[in-house]
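First comes the structure, then the notes that go with it.
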Amino acid sequence: MSNDASITRTAVQPAKDRTAQAVKERAAGRNRAGGSVRAVVFADITGSGGLYQSFGDLRAMSLITRCLVAMEEQVYHHRGEVIKTVGEGMLSLFPDANTGASAVIAQGVEAGGHVQGMTPLLTLVREITATLALPVVAAGGIADSAGAERALNAGAQAVACGTAFLAATEADVHRHYRARLIAAGAGDTELTDLFDIGWPNAPHRVIRNRTVIDWESAGRPPAGCRPGEGDVVGKRGRTRVTRYSDAQPTTSTDGDIESMAMYAGTSVDHVRRVAPSAAITEAIAFGIRRR
Ligand SMILES: Cc1cc2nc3c(=O)[nH]c(=O)nc-3n(C[C@H](O)[C@H](O)[C@H](O)COP(=O)(O)O)c2cc1C
């Protein structure tokens, strides 16, 4: 979301120029009509490729259409306007940022999994709270009460954790991946764009593993020339997992798990045992209250 009628890199990726032009025209139209456009939001459904693989084209398309209809209802409910849909993504305009959303998730560069920005979490939270009146949810690098408290003190109203819950008993995480999480520290994680098959051009934070190290040793060659490119390293259910795939090792994954994308944030520092998700939540939340 931006404070003027410009759009973010993510928003312009598909059909870049036509989309930018559509935004400009709509913004100009609104301005002539006496209104103003202050915020542009692009939302998409992540992992939609997997939906097509699992359910087949027709069923996946019907699920995605239902999702788009629900998103559209929310956009109009918040006085916004849908200007176009791109595949399973939707671009909308709002009179201002505070109208367009009920809350904002600030994701710091410390986060595990796919990471949308390069700004450290606390800096980002302070920047956003200085600009927007919306509640801010802080995400990235938090897996204990001290980290949560720092984010709340910086102005966040809530925190969101991902890596912490990879060690939950309920999580669908392969035992080797889980053992690596429990043994790893923040310094064992790497922000990279290496595991790009299935999701290209999307930086992500993972535990450094054999795939990362072999690629570095080969002089960091570009996609297409990387060591073992195209190798099948395992299977997830009935789907083959190739080296550099974005697929993370679940309990139904077999093969060379160590070579696969093992997502983790710097918060992995605080992941030391497997526990029920309720206990993980309590350990983070109750610690804050006692301070
Ligand atoms: C296993 C895993 C998968 C993730 N997948 C995505 C994703 O597909 N898209 C995304 O925007 N963020 C993704 N994230 C990031 C989370 O939404 C969240 O921002 C992050 O987990 C917060 O940092 P933390 O992991 O240090 O708690 C993922 C995180 C993890 C741990």
Open item on the list: I'd like to check something: does segment 95-117 contain any residue that is closer than 15 Å to VAL41 by Cβ, surrounded by 13 or more Cβ atoms within 10 Å (Cβ to Cβ), small (Gly, Ala, Ser) and within 15 Å of the ligand (Cβ to nearest atom)?
Closed with: no
Open item on the list: Would you confirm, using the coordinates I've provided, whether GLU73 is at pLDDT 90 or above and among the charged types (D, E, K, R)?
Closed with: yes
Task: Residues of segment 94-133 that turn out to be of a type in the set (S, T, N, Q), under 17 Å from ALA151 (Cα atoms) and outside any loop (DSSP other than H, G, I, E, B), as a count - done: 4
Open item on the list: Going through ALA148, ALA138 one at a time, which residue ends up being touching a residue at least 24 places away in the same chain (Cβ under 8 Å), under 14 Å from ALA111 (Cα atoms) and assigned to a helix (DSSP H, G or I)?
Closed with: ALA148
Task: Options VAL206, VAL233; residue that is without any contact (Cβ under 8 Å) to a residue 40 or more places away in the chain, of a type in the set (Val, Ile, Thr) and buried (at least 19 other Cβ atoms within 10 Å of the Cβ) - done: VAL233
Task: Residue tally, condition out of contact with any helix residue (DSSP H, G or I) (no Cβ under 8 Å at 6 or more places or on another chain) and within 14 Å of the ligand (Cβ to nearest atom), over segment 262-291 - done: 1
- [ ] Give the residue, chosen from ARG79, ARG59, ARG126, ARG66, that is within 30 Å of GLY185 (Cβ to Cβ), outside the structural domain of ALA247 (by TED's automatic domain parsing) and away from the ligand (no atom under 16 Å from the Cβ).
- [x] ARG126
- [ ] Mind checking which helices (runs of 4 or more DSSP H) fall wholly inside segment 175-291 and carry at least 1 residues that are within 18 Å of GLY162 (Cα to Cα)?
- [x] 175-183, 277-290
Task: Boolean, GLY113 is closer than 30 Å to VAL233 by Cα, touching a strand residue (DSSP E or B) at 6+ places or on another chain (Cβ under 7 Å) and touching a residue at least 60 places away in the same chain (Cβ under 8 Å) - done: yes
Open item on the list: Let me confirm something: among ILE142, ILE105, which residue is at pLDDT 95 or above and either closer than 23 Å to GLN74 by Cα or of a type in the set (Val, Ile, Thr) (or both)?
Closed with: ILE142
Open item on the list: I'd like to check something: does segment 143-160 contain any residue that is near the ligand (Cβ under 8 Å from one of its atoms) and under 18 Å from the mean Cα position of the chain (by Cα)?
Closed with: yes
Task: Selection within segment 56-95 - within 25 Å of LEU134 (Cβ to Cβ), charged (D, E, K, R) and out of contact with any strand residue (DSSP E or B) (no Cβ under 6 Å at 6 or more places or on another chain) - done: GLU73, ARG79
Task: Unique residue being assigned to a helix (DSSP H, G or I) and among the charged types (D, E, K, R) when the list is ARG79, ARG59 - done: ARG59
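The values are calculated or read from the model by the stated rules, or taken from the named source; none is laboratory data. From a predicted model like this one, the values you see are computed outputs, not experimental measurements. Methodologically, a virtual Cβ is constructed for each residue, glycine included, from the backbone with ideal geometry; neighbour enumeration extends over all protein chains shown.
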